[in-house]
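Taking it in order: structure first as structure tokens, then the write-up.
The values are calculated or read from the model by the stated rules, or taken from the named source; none is laboratory data. This structure is a prediction, so every number in the text was calculated from the model and none was measured. So basically every Cβ, Gly included, is an ideal-geometry build from the backbone, and we count neighbours across all protein chains shown.
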Amino acid sequence: MYKTEPFKMWNEAKQLKQQHFEEYRDIKQKGGKRILSGTSITLTIHAGFKDTVIMGAEPFSANVAFHKDFGVKCLEECEKRGFSREICGYSKCTWGAMFLNEYVMPDGVRIEDDWLKPDIATSFSIAPCHCKWYQYLSEKGDVPAYLFDLPKAYPYNTENVIKYVSGQMLDYIEWAEKILNTKFDDAAFIEGVINETRAFKLWTEIMLLNQNIPAPLDEKTMFSFIGPNLSKPFKKETVEFYERLLDEVRDRVERKVAAVGNEQFRVITDAIPPWPNLQLYRYMEKEYGVVVVGSPYVICLIGSWKFDDNNNLIPTPTPEEAGMKLDTREDAVRALVWYKTHFATETLYNIACGEVLHDVTLAIAKQWKADGGVLHQNRGCTMQALGAIESRNAVAEAGIPCIYYEGNDADPREVDLTNLKRKVDIFLEANKVKKLKHAA
């Protein structure tokens, strides 16, 4: 048994999330503008627009999915209009809210007659449906949209790719200035680039600490801590949040404070979790002393990584650390694209780079000392399902046992939790993980 205790930063993380959604809700009353943007690659490209609140589209949709009753209502509204179940769950959460003209806040308070319509929406083509998600939103919701093409990312982020994506970002800024009728502040943007890359680097340092035994963090807790980097990565307050979190995690490592006090089996996952069914994590923890130490999703989502010469994942140096110029808008855009087209956000799931996903998954399993894998065949995201079987095979062939379960990041109707728990029981018992005595 290890000692354990609640995170001091937990309440602050929850409060920051609620506060951000409230700012997004209220900005129109203050004369400002809303920007709904895919978090893949970066939100900081919008940081030069003052009097705006930027909402990550994935957190916007995941929040809908988390509130099961409202989430299913949104999904069913889309199904009434001919959309099938296998279409991106996040897309349908957003479209459903738009069709219903309703939304739900993180604290569960429902908003009627307002789905928090943005003034502009943007997305990168990270997944097969990302740009279609926003194209349809634009057409049916009367929202101006700018769609970016992301052809490849690390390890293929050549100078040509960096120039190609940077050029689109510079074009976007000029387009958005006209749509929003406001001037882009280059100084605020450059500051935002410095802040985001520092905040992402801090997350990589936090994640490396989770390689320790016992693990100071479990993945379900991490889901709350990723919020600031998915909402305001360009703000100094976000950097300060992760500095304090890093200090707390270091302290837990030094004092051997565990996320799971009875840790006896470490596992990784691999994709967006089934948000409506997160009780799976607590089931494994409480019944078997299983700690989920991370995944390509949560480790890379708000951090930037690359391989060293020994095929180990290491943090990507920030543009400042790499000695890159950050004097002009063009400098900052190029530096940001260079940094974020490593294994950052969801670029490792990019179809053009799919063959490296299993390398990342295997590296995480080894470096984070996993005893097994509980991997999610996410039917709600075709992007993450592509190559997932190969990732499972790579981990299993390395001698790390895995199970695979079918689920959905947004649709609770796609997960049979009773049978899933039984599948986990069989897997753990086969690997000689005994049920905890209090749970017998």
In this structure, does S123 turn out to be under 21 Å from F70 (Cα atoms), small (G, A, S) and in contact with a Phe, Trp or Tyr (Cβ under 6 Å, 6 or more places away or on another chain)?
-> no
Does any residue of segment 261-268 turn out to be within 27 Å of T197 (Cβ to Cβ), among the β-branched types (V, I, T), crowded, with 23+ Cβ neighbours inside 10 Å and out of contact with any Cys (no Cβ under 6 Å at 6 or more places or on another chain)?
-> yes
Cβ pairs under 8 Å, 6+ apart or interchain, first in segment 392-415 and aromatic (F, W, Y), second part of a helix (DSSP H, G or I), ordered by first then second residue, are Y404/A388; Y404/I389; Y404/R392; Y405/L420; Y405/K423
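Yes/no matrix, rows are residues, columns are (1) without any contact (Cβ under 8 Å) to a residue 40 or more places away in the chain; (2) part of a helix (DSSP H, G or I):
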position: H358; (1), (2): yes, yes
position: H376; (1), (2): no, no
position: V424; (1), (2): no, yes
position: L428; (1), (2): no, yes
position: K432; (1), (2): yes, no
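Answer yes or no as to whether E174 is surrounded by 21 or more Cβ atoms within 10 Å (Cβ to Cβ) and outside any loop (DSSP other than H, G, I, E, B). So that I can check it myself, show each step before the final result.
Values: surrounded by 21 or more Cβ atoms within 10 Å (Cβ to Cβ): no; outside any loop (DSSP other than H, G, I, E, B): yes.
When the stated conditions are applied, E174 does not pass them.
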Segment 62-88, residues that are under 14 Å from K132 (Cβ atoms) and assigned to a helix (DSSP H, G or I) | C78
Among the candidates A13, A57, A65, A47, single out the residue that is of a type in the set (A, V, I, L, M), surrounded by fewer than 21 Cβ atoms within 10 Å (Cβ to Cβ) and under 23 Å from the mean Cα position of the chain (by Cα).
-> A13
Within segment 1-57, residues touching a helix residue (DSSP H, G or I) at 6+ places or on another chain (Cβ under 7 Å), more than 30 Å from K286 (Cβ to Cβ) and either of a type in the set (F, W, Y) or in the same structural domain as K256 (by TED's automatic domain parsing) (or both) come out as F49
Scan segment 299-323 for residues that are polar (S, T, N, Q) and without any contact (Cβ under 8 Å) to a residue 24 or more places away in the chain and jot them down.
-> N310
Checking L202 against (1) touching a residue at least 60 places away in the same chain (Cβ under 8 Å); (2) in the same structural domain as G380 (by TED's automatic domain parsing); (3) not polar (S, T, N, Q), the condition it does not meet = (1)
When segment 1-43 is checked residue by residue, the ones that are over 29 Å from V253 (Cβ atoms), of a type in the set (K, R) and not in a strand (DSSP E or B) are R25, K28, K30
With respect to the numbered conditions (1) in contact (Cβ under 8 Å) with a residue 60 or more places away in the chain; (2) closer than 20 Å to T158 by Cβ; (3) not acidic (D, E), which one is the sole condition not fulfilled by P296?
-> (2)
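Against the definition (among the polar types (S, T, N, Q) and over 25 Å from P155 (Cα atoms)), how does N378 come out, yes or no? Walk me through it before giving the result.
Details: among the polar types (S, T, N, Q): yes; over 25 Å from P155 (Cα atoms): no.
So N378 fails the test.
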Of (1) touching a Gly at 6+ places or on another chain (Cβ under 6 Å); (2) surrounded by 18 or more Cβ atoms within 10 Å (Cβ to Cβ); (3) without any contact (Cβ under 8 Å) to a residue 40 or more places away in the chain; (4) of a type in the set (A, V, I, L, M, F, W, C), W368 satisfies all except one. Which?
-> (3)
Identify, by number, the condition in (1) touching a helix residue (DSSP H, G or I) at 6+ places or on another chain (Cβ under 8 Å); (2) surrounded by fewer than 20 Cβ atoms within 10 Å (Cβ to Cβ); (3) part of a loop (DSSP other than H, G, I, E, B); (4) in the same structural domain as Q384 (by TED's automatic domain parsing) that P216 doesn't meet.
-> (2)
Unique match (being part of a loop (DSSP other than H, G, I, E, B) and small (G, A, S)) among A153, A121 = A153
Any residue in segment 327-338 that's in contact (Cβ under 8 Å) with a residue 60 or more places away in the chain: show its pairings with residues that are surrounded by fewer than 24 Cβ atoms within 10 Å (Cβ to Cβ) and of a type in the set (S, T, Y) at Cβ separation under 6 Å, as long as the two are six or more apart or on different chains.
-> V333/S166; R334/S166; V337/S166
Residues of segment 348-375 being at pLDDT below 90 and farther than 21 Å from N310 by Cα, which ones?
-> Y349, N350, I351, A352
Of the residues in segment 44-53, those that are closer than 16 Å to V143 by Cα and assigned to a loop (DSSP other than H, G, I, E, B) come to none
